[in-house]
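A short worksheet on the structure shown next.
Since every read-out is calculated from the coordinates, none of them should be taken as a lab result. The model shown is predicted, which means the values in this text are computed figures rather than measured ones. Neighbour counts are summed over all protein chains in view; Cβ atoms, including those assigned to glycine, are modelled from backbone coordinates with ideal geometry.
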Amino acid sequence: MKSRKSKSRKRPAKPTKAKAKKAGKSAKRAPRPIELYYWPTPNGWKVSMMLEECKLPYVLKPVNIGKGEQFEPGFLKIAPNNRMPAIVDPDGPGGKPISVFESGAILQYLGRKTGKFYPADERKRVEVDEWLFWQMAGLGPMTGQASHFRNYAKKEDNAYALERYTNEVHRLLGVMNKRLATRQYLAGSYSIADMACWGWVKAINGMMSGFLAEFPNVKAWLERIGARPATEKGFKLGRELRKQAANDPKAEEERRKILFGQRART
Ligand SMILES: N[C@@H](CCC(=O)N[C@@H](CS)C(=O)NCC(=O)O)C(=O)O
């Protein structure tokens, strides 16, 4: 009878507490992707630019605002203002998910989360906040209105409104041009304040050709930021979705109905 050689199977040594702790520390879980609720517009680009700059993993959740997807109940739960962008970070504070709406709040959140483009030093942070809020309350809404009366308003009697908002955009660009006369970026180093403004200035440049000629510092700033690889990627995000939507002529009337003349929904 052949004797079976008993292979002495070595049991893996039980991990000691210290070893397990060490392994746990080094085997840090990869960050889970942030959900980005987005459509390619100046407000959306702010967040795609920041995610790209910070190299944060994210997954795109398109919100086709021309089709009314901003009113879907699931979206309204995270963005009750029926406006994109919004994010859901599965790794929020305390390791629990968090949702954030309003582009300025999202930029600040991502800046605090990563420690990037939003300085921790209070004086520097105040400067970034000043220009971020300047965008949120001024440049964005005023350019939005100028664009509405230039591109979408159908009534003939909108000359007053068009002039009013165009003048205000002109004034704001003058403020920005002065600010950028002595610095490369709005608040010293490149920050979330610049990201907030960039898409809007890009839109102005596209919409009112020649308008930036009076504001050479703004024009140089636009090009400086446009040359950043993260800007290019963030700006490109979802462009094909928007093109597809724009190519559908039947959708134009529907888009107008959805986007313009909104009133409170009860
Ligand atoms: N203050 C908001 C504005 C966002 C906003 O106006 N988003 C537009 C697209 S740029 C939108 O979602 N519009 C949908 C609608 O008008 O129903 C922010 O900065 O996040």
* Relative contact order [Cα under 8 Å, 6+ residues apart], region 34-116, whole percent -> 33 percent
* Asked: With a 10 Å Cβ neighbour count serving as the proxy for reagent exposure, in which order, fewest first, do 152, 38, 185, 160 appear?
  -> 160, 152, 185, 38
* **Hypothetical label at residue 253: residues of region 130-157 whose amide nitrogen lies under 18 Å (7 Å Cα-Cβ projection)** => 153-155
* Asked: With each label point set 7 Å from Cα along the Cα-Cβ vector, what nm distance links residue 240 and residue 209?
  -> 2.8 nm
* Asked: Looking at the square roots a ≥ b ≥ c of the eigenvalues of the Cα gyration tensor of the chain, which shape do they give, rounded for a/c under 1.5, prolate if a/b is larger than b/c, or oblate?
  -> prolate
* Would you mind classifying region 122-229 by shape? Square roots of the alpha carbon gyration tensor eigenvalues, ordered a ≥ b ≥ c; an a/c under 1.5 is rounded, otherwise it is prolate if a/b is larger than b/c and oblate if not. => prolate
* Asked: Of 123, 255, 183, which has the largest mean-square fluctuation in a 10 Å C-alpha GNM of the chain?
  -> 123
* How many nm separate the modelled label positions at residue 220 and residue 158, each set 7 Å beyond the Cα in the direction of the Cβ? -> 3.6 nm
* Taking the dipole about the Cα centre of region 207-264, with the C-beta of Lys and Arg at +1 and of Asp and Glu at -1, give me whichever of 262, 211, 247 is farthest to the positive side. => 262
* Listed residues 152, 197, 60: farthest to the positive end of the dipole of the chain (Cβ charges) -> 60
* When we measure straight from the Cα of residue 55, which aspartates and glutamates land under 18 angstrom away, once same-chain ones fewer than 8 places off are left out? -> 35, 89, 91, 194, 232
* To do: Evaluate the distance, in nm, between pseudo-label points positioned 7 Å from the Cα of residue 171 and of residue 150 along their respective Cα→Cβ axes.
  => 1.8 nm
* Structure fact -> Taking placed amide H atoms and a strict 5 Å upper bound, the residues 5 or more places from residue 153 or on another chain that come that close are none
* Asked: Which shape class, rounded, prolate or oblate, goes with region 177-239 when its Cα gyration tensor gives a ≥ b ≥ c as root eigenvalues, a/c under 1.5 marks rounded, and past that a/b bigger than b/c marks prolate?
  -> oblate
* Asked: Of 223, 168, how do they rank once you tally other Cβ atoms within 10 Å and put the fewest first?
  -> 223, 168
* Structure fact -> Note to self, the chain gives a 222 nm [θ] from helices alone (DSSP H runs n ≥ 4, -39500 (n - 2.57) apiece, / all residues, nearest 500) of -16000 deg cm²/dmol
